[in-house]
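Heads up, the thing below is written out as C-alpha cells.
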Amino acid sequence: ILANRKGFIRMAIQHNVPVVPIYAFGATKLFKRFQLPEVFETVSKMLRISICVFFGRFGLPIPFRQRLLYVMGCPVFPPDIGDVAVGSEEYRRLVDDMHAKFSERLLDLFDRHKASYGWGHKTLKII
C-alpha cells in the first residue's frame, strides 16, 4: 500500500519538513475483520479506498486488549529542490528517491525491533 503512496513525501519536500518512519507492532491485532467476497477487493482497488468490516471486543468497534510497541526511526530530510519545477521529471526523481529512502528506513526499523516484540520470524513487505 505504501509503494504507490507518495503524496506525503511530495508535501514534505514542498514544505521542507522531515518525515519520521514509525512502526507500531501489534496494531494488526487490535481488530479482526470479516473476509468479504472478492468483488469488494476489486471495487476497493478501483476506488482506492479500503472496504472492510471489522470488529473488536463484544463484536463492537472496541479494540481487543493488545500490547503495542511503537518504534521511531531517524528522520528522512527532504532534498533541497532549489528552483526545480514541481511536476518536472527531476522533481519526480527527487520524490522517488526520498520515498525509497523512507521505505528502506521503515523496513530497517521493523527488522531491528521485530525480535523484541516476538515477531522474529516475520517479514515486512511494502506493497
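The values are calculated or read from the model by the stated rules, or taken from the named source; none is laboratory data. Keep in mind that what you see is a predicted model, and the values were worked out from it rather than measured. Virtual Cβ from ideal backbone geometry, glycine too; neighbours counted across all protein chains shown. The protein model used for the area step is the full one, side chains on, heavy atoms only, and it has no ligands, DNA or RNA in it. Shrake-Rupley method; radii C 1.70, N 1.55, O 1.52, S 1.80 Å.
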Q.
Kirkwood Rh over alpha-carbon pairs of the stretch 1-41, then Stokes-Einstein at 37 °C and 0.692 mPa s: what D in µm² s⁻¹, rounded to an integer?
A. 240 µm²/s
Q) Taking θ as phi - 60°, what are the ³J(HN,Hα) couplings along the stretch 79-86 by the Karplus curve (6.51, -1.76, 1.60), each to the nearest whole Hz, with x for Gly and Pro? A) x, 7, 8, x, 10, 6, 6, 4
Q.
Let me test this: with uniform point scatterers at the alpha carbons of the stretch 23-87, what is the Debye-based log₁₀ I(q)/I(0) at q = 0.15, 0.21, 0.23 1/Å?
A. -0.76, -0.93, -0.98
Q. So what's the angle, to the nearest 10 degrees on a 0 to 90 scale, between helix 38-47 and the longest Cα principal axis of the chain?
A. 30 degrees
(Q) For a quick size check, give me the Cα extents of the stretch 17-61 along its three principal axes, largest first, whole Å. (A) 39, 32, 13
Q | Net length gained if the chain between Arg92 and Leu2 were fully extended (0.36 nm per residue, minus Cα distance) | A | 30.8 nm
Q: Using only the Cα atoms of the stretch 67-127, each taken as one equal point scatterer with no solvent, compute I(q) by the Debye sum, divide by I(0), and report log10 of the ratio at q = 0.19, 0.26, 0.29 Å⁻¹.
A: -0.76, -1.09, -1.22
Q: Given a cut-off of 22 Å, name the pairs among Lys29/Lys122; Lys6/Lys101; Lys29/Lys114; Lys101/Lys125; Lys45/Lys101 whose C-alpha atoms lie farther apart than that in the structure shown.
A: Lys45/Lys101
Q: Please give the calculated 222 nm ellipticity per residue for the chain, where each DSSP H segment of at least 4 residues contributes -39500 (n - 2.57) and the sum is spread over every residue; nearest 500 deg cm²/dmol?
A: -11500 deg cm²/dmol
Q | Neighbour net charge for Arg48 - beta-carbon separation under 14 angstrom, K R +1, D E -1 | A | +2
Q: Run the dipole for the chain about the Cα centre, Lys and Arg Cβ at +1, Asp and Glu Cβ at -1, nothing else charged, and hand back the magnitude in debye, nearest 20.
A: 860 debye
Q: Can you send over the carbon and sulfur percentage of the accessible area for the chain, probe radius 1.4 Å, protein chains only?
A: 60 percent
Q: Could you grab the relative contact order for the chain? Cα pairs under 8 Å, six or more apart, rounded to a whole percent.
A: 36 percent
(Q) Can you give me the accessible area per residue for the chain, using a 1.4 Å probe, in Å²? (A) 72 Å²
